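J.: One structure is given below, represented as structure tokens, and several questions about it will come after.
Every number here is computed from the coordinates shown, using simple stated rules; none is lab data. Because the structure is predicted, anything quoted here is derived from the model rather than measured. Virtual Cβ from ideal backbone geometry, glycine too; neighbours counted across all protein chains shown.
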Amino acid sequence: MSSIVEIKLTADQTEGTKATVAQWLKRKGEQVTINEPIIELETDKVMMEVIAPASGILQDIFIREGEPAEENIILGTILETALSNPVNEQKNDRAKWVEDTPNSVSKDLPRKNPTAGLPDPPSTFISPAVRRLRQQHQLDLSQITGSGKNNRITSRDVNAYLSDSAGTSNRQHTLFEPTITSPTAAGSEIIPHTQMRKVIAEHMQHSVQTAPHVTSVFDLDLSAIIQHRKNHKQAFAKQGTKLTFTAYFVAAAVQAIKHQPKVNSQFHEHGLEVFKHVNLGFGTALGDEGLIVPVIQQAQNMNLMQIAQELTRLTDKARNMQLSQKEVQGGTFTISNHGVSGSLVATPIIINQPQSAILGLGKMEKRVVVEQHNGQDMMVIKPMCYVSLTIDHRALDAYQTNDFLSHFKAVIEAWK
Amino acid sequence: MHLFKNNEKQEHTFNWQHIAKTILTSRALDDLEEFDLVKQKKVLYQFSARGHDMAQIMLGQILNKQKDAVSGYYRSRPLLLSIGIELEQFLQATMMKQGGFSDGRDIGVVFNQPNHDGACVLPMSGGVGAQYTPVAGWAQAIEYHRTHLKDSTWDESMGLVLGGDGSVATNGFWSSLTMATTLQLPMLFYIEDNGYGISVPSHFQTPGGNIVKNLASFKGIKLLSGDGTNPEEAAELISQANHHVRNERSPVLLRLTVPRLNGHSAQDTQSYKSEERIQFEKQHDPLPKLKKYMLAQGLIKASQWDELEAQTKDDAYQAYLKVDQQPFADPAQVETHAFEEFDETGSPILQQQGGIHLNHPSFPPSSQEIIAEPGRINMVTAIRKTLDYELSHNNKMLVFGEDVGAKGGVHAVTLGLQEKHGEAQVFDTSLSEEGIIGRSIGLALAGLLPVPEIQFRKYADPAEEQLNETGSMRWRTNNRFAAPMVVRMAGGYFGCGDPWHSQCAEVKWVHAIGWQVAMPSNAEDAVGLLRYALRNNNPTIFFEHRKMLDHAWSRRPYPGDQYIIPFGQGNKILSGDRVTVVSWGGMVHMCQTAIEQTGIEADLIDLRTLRPWDKAMVLESVKRTGRCLIVHEDNLSAGFGAEIAAVLAKEAFFYLDAPIERLATADIGNPHDPKLMEHALPNPDSIAQRLMELDQI
């Protein structure tokens, strides 16, 4: 539903003087917005603007540059289309800016109170000077006490620290970590950090500093899922889906979360946020490079097939370094299938912040276990693996932890 | 109507062939620019002079003495053609090419032409009315050179100023009229009355529209009036005027009526003129009248005239073709010559005209070493001693202003100087700051060193136009002209304050183009900075703080007649590593008190000059301490402290450990009641408090 709108001069633009089209500010086919200037007119006194009477595409130009623009002559036409609303966007940005700026500043009246004092620094504020010193000397600021307002670390504090350190040792550099030198060492090589390494390092450190990690270990009899997998592998493959053990672990974890929802949560100062959805991340190793955690979104509604499909898709993408931001975000719970590379148990598995727990699956091994048959203790060979849950002990206790793991074990061992 | 006083008729022999050739050339240029080059956008601002031309050309012919000077305004090209400036140069200027009057920096009709051996053209202003007082200054300089320095090259010379009928309403006109008549200056005021100031008729500018009639009883000036389109009459009147100025050494105002046969500029369609008026003007075109006169007098043959007309048209066109091929001004050079510059060997690249340095004066030796006399003196005495010494060793130096002479200055700084050095070198002026600074321009351009006094900083307001023209002169003439001078201004707080006598507002001159700014806090610095300014080739504002002139803290032993402090060197009064305090002028002593009161180990830097300022010293300090407090008396918003803070935020960013702080007066005037004033300005207690906050944050 587009209409054609004529571009004409207004009455006061034609009054009294001769006008010539000096310049078209838009070309044929270009988008124009209502009230946007589109023509510059030259009169013998001043330059004037002609604004677009509608939004749309500049369809035709009838009066060209250098030609006279007279009253009632159609200068051009616009094919009217829906507004793309850049104007509204600007308004919203501006509204936000006004919100953010305190009242006294946005009015820009002359400063009447030059005796107003200095702003209050947050205790964690790191000034440019301190930042520079930290970088220059590779410092760990957590070692330094702040003497500034609100106990912030000042450059004086850093300089004092540096001169103390320099005083107490004859080291050439003022590094925080001692360098390891031994008479028999053959020297060392520096492997520069990749971006992924830096991110992992920061994340792991932050996580450990934030959450008190405690791990509980159970073991799993995988016979049932091995059997199930054997029976269904081909059917899944026909659908283009690889059926892996991880799929079963994901499915079982979802069940166990439904049974014990608190492990699927985020700890806040004011309370524990328990999620109603399960976005399940699973650690994927990238060889020597590092690891990445793709997330299966809304896993609570998925059956085994869907889980397996999603796993396949995300794993392929991960291996090809093609995961999007969205695909690694929003996780509420994480599984680490560390056993595929040989470890029996790993503890603690570092929690994927800001989640409350992480599930670890160890290496699958045939082990001799003791079972009671007809009142008699028998040695039986079973395909076993250890399963662990590392929790944030601020959020969870042994009760929820073992409740979760018990249920997880029950689901896996009873799979049909 | 003519008014002949004393019925004199002194004839100057005019070169009529030259008049004819020049007027035809002028018309050819007008036509070429207005009808061709403007349309091609090769000339952007265009002013034709049809109707004004003949009389101006005659006037140009009388400027034949070695030290004549002329200034005019945007319609003065015919006169400049008449004194021999080349055709090409005018087109280079209007076409914004390299060379010309300003190397593309100014519009083509703001003329200037250095000349030490014949009529020079003082750099004009784009502002109407600003041309007058500089010419008065030149005329005063002629008499000084002639009678006091006994330099005969200045004999018989005059200053000529052109203005339109609109300009007789301006401040500059009246100020220069006062000076010319009270001082009896050899100055010729030429008023070309075309009846309009752009669109405003002349009866808005003076009642009845005839300035000569209205000045009839004005003492000390000869008045002449007539028809500038009548060749014989114009020649006669110009001749009379010329004779009177040169021989009587007394001013003349010559008014000639002329038609403006084109719009104000190429943009003006003259829709405000009636058809009758336009016809009337056409009938008074001096060009056909000149032709008729010359033919009748046998001064030219008709065929010669036609030949001349064709030749001048062709000359103009050929000049255009030549200039059209020439390069435009080089953008890479546009920032040069705001101040005096130096070549690779360190030698100054001197302006072509203006100031005392062209003669390579030998000053007495100077050094930064202090050779102190015992006992301390206050800043008043220190400044006086410096002025006295420099006056004694520089006969081109003039000290003047309101009450400067007999009274010795309202602040007593110039006490006794007139008695010692005489009225020619130290003198009082009329009550017009426009006149004081305007004449300083003329004096400087005539090779003297003016040291004008502005009695109180606030009273620089009427002088602002001339102060701005001074500062911008070197840049806008591309170093053809400069007008070095030392403007002494008193201001700042005293026992009480008030909005008229206690203003600082020194930042205004840092922001303006081309001014150095010095603001000493004590007697020793005052000596060194003043001596530097008096021997420097740039214009300087020298701020004399009223309270510090006689404050105990400011007293110092006289550092010696050799003592000099180059601008751009701060003084570190106290040393410490915790905080940097930067200040100048009347706040320095308060900062010292505050620092000592708090016991905080701080660097206290007295900048002493604001342009140039000692950036290196401040940066070194702030990079070390990480914390900076700037204290100044001027209002906070956009005061000079804001500039320092901006520079620190950029160049010391990675060394800052605290926000950069400024303490200054609120954005108000200086209050009169001492209690109000004490509260409004920074004081040792408020400085101490802010210092402690900064130290502890």
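J.: Find the Cα radius of gyration of region B:33-84, compare it with 2.2 N^0.38 Å by division, and give the number to two decimals. Walk me through the intermediate numbers first.
T.: Working: Rg = 13.3 Å, N = 52, 2.2 N^0.38 = 9.9 Å.
Rounded to two decimals, the normalised Rg is 1.35.
J.: Quick one, can you get me the convex hull of the C-alpha atoms of region B:492-544 expressed as volume per residue in Å³?
T.: Working: hull volume 4.0 nm³, N = 53.
So the per-residue Cα hull volume is 76 Å³.
J.: Report, in deg cm²/dmol and to the nearest 500, the calculated mean residue ellipticity at 222 nm for the protein assembly as shown, where each DSSP H run with n ≥ 4 adds -39500 (n - 2.57) and the sum is divided by the residue count.
T.: Details: 32 runs with 373 residues, N = 1113.
After summing the helix terms and dividing by residue count, I get -10500 deg cm²/dmol.
J.: A further question on this structure: Over region B:578-634, how many percent of alpha carbon pairs lie in each 5 Å bin up to the one with the longest distance?
T.: Values per bin, smallest distances first: 4, 21, 31, 25, 15, 3, 0.
J.: In whole percent, what relative contact order does chain B give with Cα contacts below 8 Å and a gap of six or more residues?
T.: Numbers: 1549 pairs, mean separation 80.9, N = 697.
That works out to 12 percent.
J.: Now for a separate question. Taking only the alpha-carbon positions of region A:333-416 and ignoring solvent, what does the Debye formula give for the base-10 log of I(q)/I(0) at q = 0.15, 0.17 Å⁻¹?
T.: -0.65, -0.80
J.: May I pose another question? What does the convex hull of the Cα atoms of region B:42-168 come to per residue, in Å³, rounded to a whole number?
T.: Values: hull volume 13.5 nm³, N = 127.
Given the Cα convex hull of region B:42-168, per-residue volume reads 106 Å³.
J.: If you don't mind, there's one more thing I want to ask. Given an 8 Å cut-off on Cα distances and at least 6 residues of separation, report the relative contact order of region B:22-162 as a percent. Don't skip to the end; give the middle numbers.
T.: Working: 243 pairs, mean separation 35.3, N = 141.
In percent, rounded to a whole number, it is 25.
J.: Separate question: Rg and Dmax of region B:134-282 over Cα atoms: what are they, in angstrom?
T.: 16.8, 57
J.: Moving to a separate point now. Express the relative contact order of chain A as a whole percentage, based on alpha carbon pairs under 8 Å and six or more residues apart in sequence. The partial results should precede the final answer.
T.: Values: 690 pairs, mean separation 54.0, N = 416.
RCO, chain A: 13 percent.
J.: Here's a follow-up. Equivalent ellipsoid semi-axes for the protein assembly as shown, as square roots of 5 times the alpha carbon gyration tensor eigenvalues: give them largest first, rounded to whole Å.
T.: Numbers: eigenvalues 1378, 395, 115 Å².
Working through the eigenvalues yields semi-axes of 83, 44, 24 Å.
J.: Regarding chain A, what's the average projected area of the Cα-atom convex hull, expressed in nm²? Let's see the in-between values first.
T.: Details: hull surface 158.7 nm².
Its Cα hull, projected and averaged over all orientations, spans 39.7 nm².
J.: Assuming a ≥ b ≥ c are the square roots of the Cα gyration tensor eigenvalues, decide whether region B:444-489 counts as rounded (a/c under 1.5), prolate (otherwise, with a/b larger than b/c) or oblate. Numbers along the way, then the final one.
T.: Working: a/c = 3.31, a/b = 1.59, b/c = 2.08.
Because a/c hits 1.5 or more and a/b fails to exceed b/c, region B:444-489 counts as oblate.
J.: Here is a follow-up. By how many degrees, 0 to 90 and rounded to 10, does the Cα axis of helix B:132-143 deviate from the longest principal axis of chain B?
T.: Around 90 degrees separate the two axes.
J.: Further question: Between B:Lys572 and B:Ala424, how high is the FRET efficiency from 1/(1 + (r/R0)^6) when r is the Cβ-Cβ distance and R₀ = 41 Å? Nearest 0.05.
T.: Values: r = 43 Å, r/R0 = 1.04.
My answer for the efficiency is 0.45.
J.: Do me a favour and compute the ellipsoid semi-axes for region B:350-404 from its Cα gyration tensor, root of five times each eigenvalue, largest one first, whole Å.
T.: Numbers: eigenvalues 134, 65, 15 Å².
They are 26, 18, 9 Å, listed from largest to smallest.
J.: Moving on to the next point. Take every residue in peptide A:151-163, count the Cβ atoms of other chains within 10 Å of its Cβ, and give the average of those counts. It would help to have the intermediate numbers written out before the result.
T.: On the way: counts 0, 2, 1, 6, 8, 7, 1, 1, 3, 0, 0, 0, 0.
Going residue by residue through A:151-163 and averaging, the value is 2.
J.: In Å³ and rounded to a whole number, note down the convex hull volume per residue for the Cα atoms of region B:360-501. Could the numbers behind the result be given before it?
T.: On the way: hull volume 20.6 nm³, N = 142.
About 145 Å³ per residue, rounded to a whole number.
J.: Additional query: What list of whole percents do you get for P(r) of region B:603-657, with Cα-Cα distances grouped in 5 Å bins up to the one holding the largest distance?
T.: The calculated distribution, bin by bin, is 4, 19, 33, 27, 14, 3.
J.: Under a point-charge model restricted to the Cβ atoms of Lys and Arg (+1) and Asp and Glu (-1), what is the dipole moment magnitude of chain A relative to its Cα centre, in debye to the nearest 20? Walk me through the numbers on the way to the answer.
T.: Working: 41 positive and 43 negative charges, 357 e Å.
With Lys and Arg at +1 and Asp and Glu at -1, about 1720 debye.
J.: Shifting gears a bit: With all distinct Cα pairs included, what does the Kirkwood hydrodynamic radius of region B:121-194 come out to in Å, to one decimal, could you say?
T.: Numbers: mean 1/r = 0.0792 Å⁻¹.
One decimal place: 12.6 Å for the Kirkwood radius.
J.: Just need log10 I(q)/I(0) for region B:224-326 at q = 0.12, 0.13, 0.16 Å⁻¹, Debye formula, equal scatterers on the alpha-carbon atoms, no solvent, rounded to two decimals.
T.: Values, matching the q order: -0.68, -0.78, -1.02.
J.: Can you order the peptides B:159-167, A:374-382, B:344-352, B:562-570 by their average number of other Cβ atoms within 10 Å per residue, highest first? Numbers along the way, then the final one.
T.: On the way: B:159-167: 26.9, A:374-382: 8.7, B:344-352: 11.4, B:562-570: 19.6.
Packing proxy ranking, top to bottom: B:159-167, B:562-570, B:344-352, A:374-382.
J.: Hey, another quick one. Write down the percent of antiparallel bridges among all DSSP beta bridges whose residues are both part of the protein assembly as shown, to the nearest 5. Write out the running numbers ahead of the final one.
T.: Working: 64 of 127 bridges.
Just about 50 percent of them are antiparallel.
J.: Provide, for q = 0.07 Å⁻¹, the log10 of I(q)/I(0) from a solvent-free Debye sum over equal Cα point scatterers in chain B.
T.: Summing over Cα pairs of chain B leads to -0.53.
J.: Tell me whether region B:555-697 comes out rounded, prolate or oblate; compute the Cα gyration tensor, take square roots of the eigenvalues as a ≥ b ≥ c, and use a/c under 1.5 as the rounded threshold.
T.: Numbers: a/c = 1.35, a/b = 1.03, b/c = 1.31.
Because its axes are fairly even, with a/c under 1.5, region B:555-697 counts as rounded.
J.: Still on this model: Quick one: compute a quarter of the convex hull surface over the Cα atoms of region B:472-513 and quote it in nm².
T.: On the way: hull surface 14.8 nm².
Average of the hull's projected areas for region B:472-513 equals 3.7 nm².
J.: How big is the equivalent ellipsoid of region B:154-205 along its three axes, where each semi-axis is √(5λ) from the Cα gyration tensor, reported in whole Å from largest to smallest? If you can, show how the numbers build up before the last one.
T.: Details: eigenvalues 123, 31, 8 Å².
The three semi-axes for region B:154-205 are 25, 12, 6 Å.
J.: Return P(r) of region B:333-428 (all Cα-Cα pairs; 5 Å bins starting at 0; whole %; ordered from short to long distances).
T.: Percent of pairs per bin, in order: 2, 10, 16, 16, 15, 15, 13, 8, 4, 1, 0.
J.: Could I ask something else about it? Over all directions, what mean area does the Cα convex hull of region A:245-377 project, stated in square nanometres? Intermediate values should be presented prior to the final figure.
T.: Details: hull surface 43.4 nm².
Result: 10.9 nm².
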